[in-house]
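Trainee: Please read through the structure below; I'll follow up with questions.
Just so it is clear, none of the values below were taken in a lab; they were calculated from the coordinates. Keep in mind that what you see is a predicted model, and the values were worked out from it rather than measured. No Cβ is skipped: glycine too gets one built from the backbone with ideal geometry, and neighbour counts run over all protein chains shown.
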Amino acid sequence: MSEATAKRHMGLRASRAVSNTFIHVLLIVISIIWLIPFVCIVLQSFRVENTGPVGYIIPHQWGTDNYTRLFQTDFPRWYTNTFIAALVTAVLQTVIVLCMSYTLSRFRFKMRQPLMRFMLILGMFPGMLTMIILYRVLKDLGLTQANAVPGLILVYVASSGMGYYVSKGFFDTIPMSLDEAARVDGATRAKILYKIILPLSKPIVIYTVLTAFMGPWGDYVFARYIAFGTSAGKNVAVGLYDWLNKDQISNSYTMFCAGGVLVALPVTILFLFLQKYYVEGVTGGAVKG
Amino acid sequence: MKKFLALLLTAVMALSVCLTASAESLAGTYDITVWVAENAVSLTEKQIKDFNESNTDGIVFNATIEAVSESEAATQMITDVEAGGDIFCFAQDQFARLVQANALAKLGTKAAEAVIAANDAGTVAAATSGDTLYAYPLTADNGYFMYYDKSVIPEEDVDSLEKLIADCEANQKYFAFEQQTSAWYLASFFFATGCKSDWKTDDEGNFISVNDTFDSPAGLIAVKGMKKLVDSPFHLSSGSVNEFNSGAAVVVSGTWDYTAAKEILGDNLGATDLPSFEVDGKEYHLGSFNGCKLLGVKPQVDAVKAAVLHRLAQYLTGEKAQMERFEALAWGPSNVVDQASEAVQANPGLAALIAQAPYSVPQGQIHGSWWDIAKVIAEDVKNAKDEAGLQQALDNYYDKIASLFKLDTSALLFVGAWNGWNNADDTDTYYLKDGSVTLEVPQSDYMGGRIVTPGSWDSDKGFLQVTTGKELIQDLGDDVGDNNIVFLAPGNYTVTWDGAAITIAAN
C-alpha cells in the first residue's frame, strides 16, 4: 500500500467517524428532548416531600406514598373501567374488522364497490359530531354516568367496521390461489379465514388488536361526556385530569403522575413484546402484491 | 261477612289517610345525588348522616356523593341538568350560567329570609339574581391575600409594593401574582384606585347592564401601578404557593393554599393583606375580589322532594355545618356567627383575608366574557411603552366590554359625563338592555351626556326615544361635542329603557 492511499484511507475513516459522532450526538439530543417528559413524570411520581407541582425534577425525598395513596382513591375503579372497555373493544373490534376486511377482499358481490365508497365518505365525518345525539340515545338506554362502560364499548365498537382499509390491503396481498386450492380441498369460506388467511396475517391481526385497544385506553372526550358527574363511570383519562383542577392540584399532582405511570405501563409492555409485528403491520398493508 | 270486610277495609283506609295527613308529609326515604369538592366528600357524608338522625320529620336521605370540582360544576351541570346532582356546590362565578340554564331552584320566601339573616351580605348578593335568591352561601373565603417568605422579606416592607419588588429583585426571588393569566387577580389594581365593574342581572340571570369605570383617570393610575409589577423581571404570573419551591418570595393566593404554603415554608411563612403602591406621591392599597362558594338545589319535578332537598340545603349551609367545615377543611364560613367565633378569627389564613376585607369588593354577578376580556389588560400594559400605550390598553378593554352589549341592537348605550367630558372624574358608562339605572347628576357647570342606541353613535336617537321626562332634559342634537342631552337641574334620575322607549324620572 502506498503512502498516499493509506492517507486517503485514513481521511475517509476519519470523516466517517466525524459524521457518525455528529449523527449520534444529534440523536442523543433528540432522544433526551423526547424522553424528558416521561422521565419527569416517573420521577415526580416518586416525590413524597410535596404533593403539588414544583420547580425541580429530582425529588428531594423518594418514596412510594403516591402509589399507596392512589389505591385509596377511586383510581382502581377507573383503571378497571378503562381496562374492561379497552379489552372488550379490542376483541370485538378485531373480530369485526377482520371479518369485514376478509369479506371485502375475497367476496365479489353486488354493491361491493359502492359500499366501500360509502364507508369512505362516512368515515370523513368526524365522530365528535355525533356526540350529543349519542349521549341522548345512551341516556335513554340507561348507559350513561355510572353505567358508562357498556355505553362506551357500544360507541367504540359501533363504527369499527369502517376501519377495514389496512387489513383489507394486507389480505389483498395473499394470493387468491391459496383460497382456491383450499376450496378445491373442500374448505368453507370461514375455514379459509381461520386456517389460511389469519395465520398468514399475524402482524395485521396484532396491529388491529393494538389500535383497537389504544383507542378506548386513551379516550377523553367521549368518556368525559358520557360519564359526567359520576366517579363510578369515569375512565383513567377523565379521572386523572380532574385531579389537575385548581382546588385539587396541590394535593393530587404527584398522584396524577403516579397514575400516569400506571396507565403507561400495560401499553408499554404490550408494545415491547409486539413491536416486531406492529411495524410489519403498519407497513404491510401498504404493499400490494 | 262481606259487609264486615268492606267496613274493615274502609276503616283501614280512613285510618291510613288520617295517619299520613297527621304525620309530617315530608317523611320518607329519598335517593339523591350530591356533588361536592373531592376533599369534602367524607365530611358531607357525615353531615347528611347527622341530618338523617337529627331531623324529627322522618326524612331519610340515601345520598350518593360524587366528587365534582366546584370550579367545574356549571360545565358538568349544563351538560345534562336532568342527570346532574340534586344538590351541588359551585364557585360563585358560575352562578349566572346556572340560573340561565334553569339548573337552580329558587329559594322559598322563608328560606330566603333565613339565609339573608344568617349570612354575610356579600355572599347573599352572589347568590341573588334580580331580586331572587337562587342558592345558599356555603363559604366566604374565595378571596386572595399575600403569602411571603419571612426569611427574604423584612416585616417592615410588606406594606409597600415597590419595596417588595425591590426585595425580590435584590434577592433574585420571584414575586408571584397572577396578572396576564387571570382577571380575578388583575382587578386588584383597579379596585385599589376605586374603579368598579358592576354588572346587573335580571330574575332570569340575563345580564342587563354594566357600570364599568376601568377606562378612566383612576384606571390609568391603576395600570401605572400594575406596570411596576409586570415590568419587573422577577414578576411571575402565577397564583400557586408551590412557587415557593421554585424560588418565589411572595405569592398572592388564597386560604385554599394555606396548608400547602405552611408545609413548604414552615415558620418562615407570613400571611398578610396586600401591599400598597404609589403613583404621583399617593398611596393606593391593593384591593381584591371577595368571593364565595355556593350550594344549589336542582329544580325538581316532585314538589315533596324539592321541599326536603331545600331542608337539607339549609342544614348543610347552616351555622353548625359551616363550623364543621371550617374545623375539618379550614373553609372560611359565610355564616356571620361562625365568622365572629374565636377559632375562625385565629386562623392565620383567614386572619389575613379579614385584614384584606376592608379593601375587598364583593364579587357580584359578572358576565362570563369579562374574565377573558379583562385578562388582556396586563399583557397590553406590559407591552405599553408610555402613558399613551397604557391608555390604549384601557381603551381596548372598554371597546370589548361595549361590544358585549352592542351586539344586541335592542340595547341602549348610555354614556354620561354628567359633569363634562374633559374633567371627567366621574365618567359613567351604562349599557342598558331592558332595565333601568340611577344617575347621579351633581351640580356643575355642565350636566351633559350622551344617549345613543349602539351602532348609531352619530344620530340623535337618544333624545327622540325619550317618551316621558322630556322636560327634565334639553336636546342638544349633534351640535355640541360629544353630548346630545343635558340635564336641566342636578339630582338623582332614574332612566328606564324597555327596548323601544326611554323614560326619565326625577327621584
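Trainee: Please list the three semi-axes, largest first and in whole Å, of the ellipsoid equivalent to region A:3-65, using sqrt of 5 times the eigenvalues of its alpha carbon gyration tensor.
Mentor: 47, 10, 7
Trainee: Can you tell which of A:D219, A:D242, A:D140 shows the greatest fluctuation in a Gaussian network model of chain A with Cα springs below 10 Å?
Mentor: Fluctuation is largest for A:D140.
Trainee: Right, something else. Can you give the average number of partner chain beta-carbon atoms within 10 Å of each beta-carbon in peptide B:230-240, as a whole number?
Mentor: 1
Trainee: Just flag the trypsin sites (Lys or Arg not before Pro) in region A:100-163 sitting in loop per DSSP whose Cβ has no more than 11 other Cβ atoms within 10 Å.
Mentor: Passing both the DSSP loop test and the Cβ count: A:R108, A:K110.
Trainee: Suppose every K and R has +1 on its Cβ and every D and E has -1 on its Cβ; what is the size of the dipole of region A:163-240 about the Cα centre, in Debye to the nearest 20?
Mentor: It works out to roughly 200 debye.
Trainee: Okay, moving on. Please identify, among A:A227, A:A86, A:A17, the residue showing maximal mean-square fluctuation in a Gaussian network model of chain A using a 10 angstrom Cα cutoff.
Mentor: A:A17
Trainee: How big is the convex hull of the Cα atoms of chain A, per residue, in Å³?
Mentor: 230
Trainee: Within 15 Å, Cβ to Cβ, of A:T188, how many net charges do the neighbouring residues add up to if Lys/Arg are +1 and Asp/Glu are -1?
Mentor: Around A:T188, the charge tally is +2.
Trainee: Among A:K139/A:K168; B:K106/B:K305; B:K173/B:K400, which pairs are too far apart, with a Cα-Cα distance over 26 Å?
Mentor: From A:K139/A:K168; B:K106/B:K305; B:K173/B:K400, over 26 Å: A:K139/A:K168; B:K173/B:K400.
Trainee: Please list log₁₀ I(q)/I(0) at q = 0.05, 0.06, 0.09 Å⁻¹ for the protein assembly as shown, using the Debye equation with identical point scatterers on the alpha-carbon positions.
Mentor: Debye intensities relative to I(0), on a log10 scale: -0.40, -0.56, -1.05.
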